[in-house]
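Asks: My questions all concern the structure below.
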Amino acid sequence: MPNLILYNGKIHTQDPNFRRVTAVATRGKRILAVGSDADVRALTGSHTEQIDLGGRRVLPGLSDSHFHYYDWALNRQHLDLAKAASLADVRAQIAIATAKLPSGSWIIGQGWNETRWPVPQLITCADLDDLTPANPAILWRSDMHLAVANTHALRAANINAETPDPPQGVIDRDASGQPSGVMRELAINLVREVIPPPTEDETVAAIRDGFTELHRLGLTGVHDFRIMGGADGPPAFRAYQRLQAAGELALRMWMLLPGEHLSQAIELGLRTGFGDDNLRVGHVKFFSDGGQGARTAWMLDPYEDIASCGMPLTPMDEIAEAISRAHTAGLAVAIHAIGDRANQELVTVFEQVLSSEKSAAPSAPHRIEHLQNIRPEDVLRLGRLGVVGSVQPIHVPDDYPMIDRSVGQRGQWSYPFRGLLAAGVPLAFGSDCPVADPNPLLGIHAAVTRQMRDGTPSGGWYPNQRLSVAEAIWGFTMGAALVCGREAELGSITPGKLADLVVLDGDIFEIEPMEIAQTQVDMTIFDGQVVFGD
Ligand SMILES: [Zn+2]
């Protein structure tokens with residue numbers, strides 16, 4: 001007997017066996033049945049809850065395949081002062097934050113910009129001290145080159161009238177020579193260094209809090225990447241395990257491991273895929289090159305604006321050796337590769353590893369992260385390997401002017417989503433949040449239009465690489481499941497699979513593609529439970 005029946009909907013099952021579907025039933029954590037309203041509602045029992053979708057569109061739960069969850073979740077806890085329209089607004093937010101915090105806890109904020117205020121004056125510690133009698137506070141200006149600390153924070157950092165300015169930094173002082181609280185450039189680090197790392201309880205609370213926000217966006221799964229090498233991995237992994245033990249881990253969390261710990265992972269006998277329905281050990285992450293904005297992505301030909309081809313971040317023979325060792329031990333790898341030279345070399349490495357060692361293959365395919373620039377001939381080679389392209393469509397509208405500047409006409413080989421799919425490369429979509437907005441509908445919009453939200457460039461940037469709505473949804477659902485080796489239990493609305501579903505307020509198959517970016521999630525179901533919306 002079903003717990004829940006959704007009917008009178010347009011259900012994109014993403015399962016070719018179930019095309020004309022208006023209703024879905026769940027029992028426990030799983031999908032029990034799909035079909036017509038009449039067929040599915042005939043299963044109704046005395047404890048079945050029914051929801052009339054009123055014709056709305058339903059998708060499989062969305063997954064983000066490249067997310068820096070720990071960083072994002074902890075940063076969300078900080079005060080966002082970007083909308084403050086005056087010093088009084090900032091003070092009001094500080095007063096609210098102080099009331100919620102135990103004494104001694106740090107108040108951390110960011111985003112204020114006094115140039116937009118009626119009185120364009122920098123904040124000083126005097127503006128904060130009366131509101132923060134028991135809490136140290138630091139508030140970054142929107143440009144991050146300046147921050148104001150209150151007196152508690154200055155004291156914690158041992159900053160007083162005698163403290164000299166550090167190299168490349170300035171401590172602003174008032175007429176009597178006392179620090180004003182304003183710190184510029186590297187002087188900010190004097191305070192930053194004394195902010196204690198979050199406690200385990202604070203980490204758990206921040207991570208739990210993030211689930212609610214992601215459910216609001218329709219996300220039911222995240223592939224979690226490390227930003228700070230290994231430093232953020234242990235606290236994040238511990239927090240996920242605590243939440244899972246408490247029955248509160250409300251995302252399919254795929255936990256990547258940092259490449260520098262490959263040997264330990266092998267020695268411990270960890271294999272990709274170890275874990276349960278909600279928390280699993282994922283890929284081992286390596287970097288082959290840098291980024292295109294910094295011109296450190298490794299290109300076949302020099303950049304247009306500097307006489308350089310970028311560089312490999314790790315020598316390719318070291319990467320090849322690591323991939324081979326990981327593969328043999330049952331660990332799948334995720335390799336960051338942005339430049340077309342890095343991707344070409346990587347395809348060669350994968351060709352060698354995958355042809356010579358077929359025995360102990362990991363339970364999930366290997367993946368290339370970003371796969372941002374790749375020549376058509378290498379796309380074809382990659383298509384024969386089963387290696388997944390983990391790409392972030394939202395970077396297209398965010399970055400194409402930078403790509404045009406840095407590689408000119410070679411931009412035709414940047415983000416070649418259509419070419420990759422045509423060659424048989426499965427694509428898993430993500431956002432790289434907090435580098436970009438985590439809203440997956442913005443990612444779908446970007447993949448479908450290759451335009452900014454204001455419509456530029458008209459017709460789309462290299463529009464021959466645009467995808468259909470169905471292909472873009474696939475990247476956020478089945479592609480994300482496939483790259484974890486979980487396509488049998490996630491990624492489509494198929495009886496027997498885990499019941500992760502999203503209801504949208506607009507039908508993204510029918511509306512103008514530009515409107516996809518404004519589409520909202522009405523309801524998110526995770527593990528058969530309504531976790532957001534009606
Ligand atoms: Zn990233």
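Asks: Give the total of Lys-Lys pairs in the chain with Cα-Cα distances below 26 Å; include a pair only if its members are 8 or more places apart or on different chains. Walk me through the intermediate numbers first.
Replies: On the way: Lys10/Lys29; Lys10/Lys497; Lys29/Lys497; Lys83/Lys100; Lys285/Lys358.
Within the chain, the lysine pair count is 5.
Asks: Additional query: State the answer as a single residue: which of Pro434, Leu380, Ser308 lies farthest towards the positive end of the charge dipole of segment 299-447, with beta carbon charges of +1 for Lys and Arg and -1 for Asp and Glu, about the Cα centre.
Replies: Final value for the positive-end residue is Leu380.
Asks: Counting residues in segment 153-281 as N, plug N into 2.2 N^0.38 Å and put the Cα Rg over that result. Spell out each step's value before the answer.
Replies: On the way: Rg = 20.8 Å, N = 129, 2.2 N^0.38 = 13.9 Å.
Taking N as the residue count of segment 153-281, the ratio is 1.49.
Asks: If you find the alpha carbon centre of segment 472-534 and of segment 393-439, how far apart are they in angstrom?
Replies: Taking the Cα centre of segment 393-439 as reference, the centre of segment 472-534 is 22 Å away.
Asks: In whole angstrom, how far apart do the alpha carbon centroids of segment 145-214 and segment 252-266 sit?
Replies: Each part reduced to its Cα centre gives a spacing of 32 Å.
Asks: Regarding segment 374-475, what's the average projected area of the Cα-atom convex hull, expressed in nm²? Provide the component values of the computation, followed by the final result.
Replies: Details: hull surface 24.6 nm².
Approximately 6.2 nm², given one-decimal rounding.
Asks: Follow-up question, since we're still on this one. Among 56-64, 434-442, 148-156, 160-168, how do they line up by average Cβ neighbours within 10 Å per residue, starting with the highest? Mind dumping the intermediate values first?
Replies: On the way: 56-64: 26.1, 434-442: 21.2, 148-156: 23.3, 160-168: 11.2.
Top of the packing list down: 56-64, 148-156, 434-442, 160-168.
Asks: Against the 2.2 N^0.38 Å scaling, with N counting residues, where does segment 154-225 land? I'd like the Cα-based Rg ratio to two decimal places.
Replies: On the way: Rg = 19.1 Å, N = 72, 2.2 N^0.38 = 11.2 Å.
In units of the 2.2 N^0.38 Å rule of thumb, it is 1.71.
Asks: Put +1 on the Cβ of each Lys and Arg and -1 on the Cβ of each Asp and Glu in segment 1-149; which of Pro16, His78, Trp140 then has its Cα farthest toward the positive end of the dipole?
Replies: Comparing the listed Cα positions along the dipole, Pro16 ranks first.
Asks: Using all Cα-Cα distances in segment 294-444, what percent lands in each 10 angstrom bin from 0 up to the longest?
Replies: Percent of Cα pairs in each bin: 11, 40, 36, 12, 1.
Asks: Could the peptides 286-292, 270-276 be put in order, highest first, of the mean number of other beta-carbon atoms found within 10 Å of their residues?
Replies: Details: 286-292: 21.7, 270-276: 17.4.
Those peptides, ordered most packed to least, come out 286-292, 270-276.
Asks: With the full set of protein chains in place, find how many percent of the accessible area of segment 84-231 is carbon and sulfur; take the probe as 1.4 Å.
Replies: Values: 3870 of 6930 Å².
Of the solvent-accessible surface of segment 84-231, carbon and sulfur hold 56 percent.
Asks: Specify the inter-centroid distance of segment 53-110 and segment 289-324, based on alpha-carbon positions, in whole Å.
Replies: 35
Asks: Next question. Quick one: net charge of Leu467's neighbours, Cβ under 11 Å, K/R +1, D/E -1? Before the final figure, lay out each step's value.
Replies: Numbers: positive: Arg418, Arg450, Arg466; negative: Glu471.
So the environment of Leu467 carries a net charge of +2.
Asks: Of Leu504, Ile335, Met1, which is farthest along the charge dipole of the chain in the positive direction, counting Lys and Arg as +1 and Asp and Glu as -1 at C-beta?
Replies: Towards the positive end, the residue furthest out is Met1.
Asks: Principal axes first, then extents: for the Cα atoms of segment 252-372, list largest minus smallest coordinate on each axis, whole Å, largest first.
Replies: Projected onto the principal axes, the Cα atoms of segment 252-372 cover 48, 32, 20 Å.
Asks: Taking the Cα centre as origin and putting +1 on Lys and Arg beta-carbons and -1 on Asp and Glu beta-carbons, what dipole magnitude results for the chain, to the nearest 20 debye?
Replies: Roughly 1080 debye, rounded to the nearest 20.
Asks: How large is the dipole of segment 422-507 about the Cα centre if only Lys and Arg carry +1 and Asp and Glu carry -1, each at its Cβ, rounded to the nearest 20 debye? Walk me through the intermediate numbers first.
Replies: Values: 5 positive and 9 negative charges, 43 e Å.
Its charge dipole is roughly 200 debye.
Asks: Percent of Cα-Cα pairs more than 28 Å apart in segment 1-154, please.
Replies: Numbers: 6026 of 11781 pairs.
So the portion of pairs separated by more than 28 Å is 51 percent.
Asks: If each DSSP helix of 4+ residues adds -39,500 (n - 2.57) and the sum is divided by the residues in the chain, what number results at 222 nm, nearest 500 deg cm²/dmol?
Replies: On the way: 17 runs with 159 residues, N = 534.
The helix contribution divided over the chain gives -8500 deg cm²/dmol.
Asks: To continue, here is another question. So if I restrict to the alpha-carbon atoms in the chain, what is the Rg, and what is Dmax, the biggest pairwise distance, in Å?
Replies: For the chain, the Cα-based Rg and Dmax read 25.0, 81 Å.
The values are calculated or read from the model by the stated rules, or taken from the named source; none is laboratory data. Keep in mind the model is a prediction, meaning the values are calculated, not measured. Glycine gets a Cβ as well: all are built from the backbone with ideal geometry, and neighbour counts include every protein chain shown. Note: accessible area is taken over every heavy atom of the protein model, side chains too, but ligands, DNA and RNA are not part of it. Shrake-Rupley method; radii C 1.70, N 1.55, O 1.52, S 1.80 Å.
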